[in-house]
Protein chains: 2
Amino acid sequence: MASMNEVAKKAGVSVATVSRVLNNSTNVNDETRARILKAIKALNYQPSRVAKRLRSKSVSSNLLGVLIPDIENPFYVDVLRGIEDVAYNHNYAIIMCNFGQDEKKEKLYLEILQSESIDGLIAAPASEDDLQLKKMVSDGLPVVCVDRGLSNTEVDLVLVNNERGAYLAVDHLIKRGYKRIAYIAGMQSIPSSRYREMGYKKALEDNGMTFDETLVRFGNSKHQSGVELCRELLSLPEPPDAVFTGNNLITLGALETIHSQGLKIPGDIAIVGFDDMYWASSLNPPLTAVRQPAIEIGRRAGELLIQRISDTKRAPIQMMLNVELIERSST
Amino acid sequence: MASMNEVAKKAGVSVATVSRVLNNSTNVNDETRARILKAIKALNYQPSRVAKRLRSKSVSSNLLGVLIPDIENPFYVDVLRGIEDVAYNHNYAIIMCNFGQDEKKEKLYLEILQSESIDGLIAAPASEDDLQLKKMVSDGLPVVCVDRGLSNTEVDLVLVNNERGAYLAVDHLIKRGYKRIAYIAGMQSIPSSRYREMGYKKALEDNGMTFDETLVRFGNSKHQSGVELCRELLSLPEPPDAVFTGNNLITLGALETIHSQGLKIPGDIAIVGFDDMYWASSLNPPLTAVRQPAIEIGRRAGELLIQRISDTKRAPIQMMLNVELIERSST
DNA sequence: GTGAAAGCGCTAACAT
DNA sequence: ATGTTAGCGCTTTCAC
């Protein structure tokens, strides 16, 4: 890789001038610029983003960090796509860190990200009380959270009205006549799991139904937890007649259990999941689900971040996007 | 962020010594080391990976690039997870670039990756003739390809026997009595699409069936192409009685079309897809599919890459992993 | 066993 | 309009 020095030599100018044509581009003779451009072309020169980043924290070095809990979850894949969309348009590269719901891994990744001198970070932290992340925020790193925020810390945040989404799902189930509605939740430490629980309870309450705590189970947000918790629920003396699942992966897991037991949906048991998938209509049966606009969440987060990078002072904003219930045939 | 200089000052030594305890760790007085370690702790010091990278190409700076065609495709997500697994274990961070089957985007990403001074790259290039990537390889960047290689260029490559996978699928269909078997392929420029076509043809031939070119359609490897090409096929004067789909996304798209037309699977039409998904048993109907060990592909590629980084000379190796046909109920 | 100093590729004063 | 130079944080000779 040719360096700026070589370009300068070839064009018979100093590195400063080369840097000028590459950046501000003001104040440089047309003829000189042409010569430099020619040298750049000839040497196939590409500026080193690394040197640039090392040199100045002040100037944007075009690197973003993305920290997500589980790349297996299609929801986060979509969020990622949204982010990537805007990153690409602004010439940012992305360091992607998937911590797989593992806090130790998250910690290491946060360190790496910091050590890489990223310009900004989009994160869905494992916990609201993540000290390390909080510190990075207070140290001035531009951060925007998605899906979950940080307690007692002002950060940009984009998410969805989780309580409302759950309410929609459970209320729908009740209106269809289901009486024993279970909730298979994700990790209890994740705020969205708890907001969804609130929506679940509220729907029960508003419809004059009593809350039965044996019907709600928290897991680890992964596929396998859906499989197992659903199995537990079904083997209850008085099993549920409907289940509301806390995310994509759990839904798929629960479906697996239900099918393996030869149960009919919705004849024997109904199901509505949090998180829609475009192929949900090809599931058996077509799945009724609460849809979050995942790609848009990612896009908004990306825009917010890029904006914050250039304006560190702006007050943190919190965007709550709409959810909707997509009714298909599983209820 | 504290710098090495500050640590040195605090410990009353020179940066060289600090660097020593951080790296080789040879030849440094125990008492001095203790003092330095203490200073590091006190300042919460973390070495800058950026400075390290800038300083020496010789020493590993722990950054890997991953270039994939489509993060929406669960196959690549799994490959990515495999890579990430081994990267994490070796303290490498990953710059993830998803070019979405767009060659222009791929080009830009390749430039960025180079400019970031990555230690190595895992790529599934858009084309076998990717000049830019070939150049990076010949310039000495450690590269391992997954899913698709590079023509006339020696690179490590890990993939699957695509021809065999397709053969398995189509032969299975024929043995079940299907007569008009269509193939909805991905992009024709992707080698795997063509190898799968070869397997398709071979199975036909081995079973004494004639090849009908109206039954094979190439698309862009995305979901929508599955939807549309399946629709075209179904509206043929003499529609197929079975379809073999070229990847995950296409399968889901085809399923969507079949369901929307109210057709029964496998009564009206059978389907077997390339690429299995763990939730394929929850599809309607449970899908028969050719399984590639995606996570393992990623893991192997990661190992190969890390190995190559430390030994640039080793002869390129090509790993072909096994595929298997998972029979469920869609045929 | 430890320090001084050069230099990786770049930007940003400051000079001219 | 262009050049000189310091310095970002680190590794690595070469001295001592």
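Taken together, the values in this text are just the output of simple stated rules run on the coordinates, not laboratory data. If you're wondering where the values come from, they're calculated on a predicted model, not measured in any experiment. Please note: Cβ atoms are built from the backbone with ideal geometry, for glycine as well, and neighbour counts cover all protein chains shown.
Some notes on this structure:
- Residues whose placed amide H lies under 5 Å from that of B:S221, excluding near-sequence neighbours: B:M187
- Counting charges near A:I326 (Lys, Arg +1; Asp, Glu -1) among other residues having Cβ under 9 Å from its Cβ returns a value of -1.
- Cα-based helix-to-principal-axis angle, B:248-260 vs chain B, degrees rounded to 10: 40
- Legend: residue pairs A:K135/A:K202; B:K105/B:K202; A:K104/B:K107; B:K107/B:K201; B:K104/B:K264; A:K105/B:K57, Cα-Cα distance threshold 30 Å; pairs beyond threshold, A:K135/A:K202; B:K105/B:K202; A:K104/B:K107; B:K107/B:K201; B:K104/B:K264.
- Where labels lie 7 Å past Cα in the beta-carbon direction, separation of A:S151 and B:K175 in nm: 5.9
- Averaged over peptide B:47-57, the number of partner chain Cβ atoms lying within 10 Å of each residue's Cβ comes to 5.
- Here the stretch B:75-223 is treated as an ellipsoid with the same Cα gyration tensor; its semi-axes, largest first and in whole Å, are 35, 16, 13.
- Summarised as an ellipsoid, the stretch A:4-47 has semi-axes of 14, 10, 9 Å, derived from the eigenvalues of the Cα gyration tensor scaled by 5 and square-rooted, with the largest first.
- Beyond 19 Å, the tail of the calculated P(r) for the stretch B:162-291 holds 40 percent of the Cα pairs.
- Legend: mean number of C-beta atoms from other chains within 10 angstrom of residue C-beta atoms, peptide A:104-111, equals 1.
- Computed label-point distance, nm, for sites A:Q132 and B:E31 using a 7 Å Cα→Cβ extension: 3.5
- Net lengthening on full extension, A:L236/A:K107 (0.36 nm per residue, minus Cα-Cα): 42.6 nm
- Cα-based shape type of chain B, given that a ≥ b ≥ c are square roots of the gyration tensor eigenvalues and the cut on a/c is 1.5: prolate
- Taking Cα centre as origin and charging only the Cβ of basic (Lys, Arg, +1) and acidic (Asp, Glu, -1) residues, the dipole magnitude of the stretch A:149-306 rounds to 220 debye.
- Inter-centroid distance (Cα atoms) of the stretch A:214-229 relative to the stretch A:245-312, Å: 15
- Comparing B:K57, B:K105, B:K202 in a Gaussian network model of chain B, where Cα atoms under 10 Å apart are tied by springs, the biggest mean-square fluctuation is seen for B:K57.
- Kirkwood-type hydrodynamic radius, the protein assembly as shown: 27.1 Å, calculated from all non-identical alpha-carbon pairs.
- Computed extension length for A:A315-A:K9: 105.5 nm, one decimal, from 0.36 nm per residue of separation with the Cα-Cα distance subtracted.
- Directionally averaged projected area (convex hull, Cα atoms, the stretch B:186-231), nm²: 3.3
- Our note on the geometry: Cα centres of the stretch A:68-143 and the stretch B:1-71, 23 Å apart.
- In nm, spacing of pseudo-spin labels at B:R55 and A:K264 (7 Å Cα→C-beta vector): 7.1
- Environment charge of B:D78, counting only residues whose C-beta is closer than 12 Å and scoring Lys/Arg +1, Asp/Glu -1: -4
- Förster radius 45 Å - calculated FRET efficiency between A:D212 and A:R328 (Cβ-Cβ, nearest 0.05): 0.95
- The stretch B:215-331 - share of DSSP beta bridges that are antiparallel (%, nearest 5): 30
- Highest-MSF residue in chain B out of B:N161, B:N152, B:N220 [GNM, Cα springs under 10 Å]: B:N152
- Inter-chain shielding of B:256-268 (mean C-beta neighbours from other protein chains, 10 Å cut-off): 1
- Bridgeable aspartates and glutamates around B:K52 (alpha carbons under 13 Å apart, same-chain partners fewer than 8 residues away excluded): A:E116, B:E116, B:D119.
- Over 16 Å [Cα-Cα, the stretch A:227-331], rounded percent: 62
- Helix-only mean residue ellipticity at 222 nm for chain A, each DSSP H run of n ≥ 4 adding -39500 (n - 2.57), per residue, nearest 500: -13500 deg cm²/dmol
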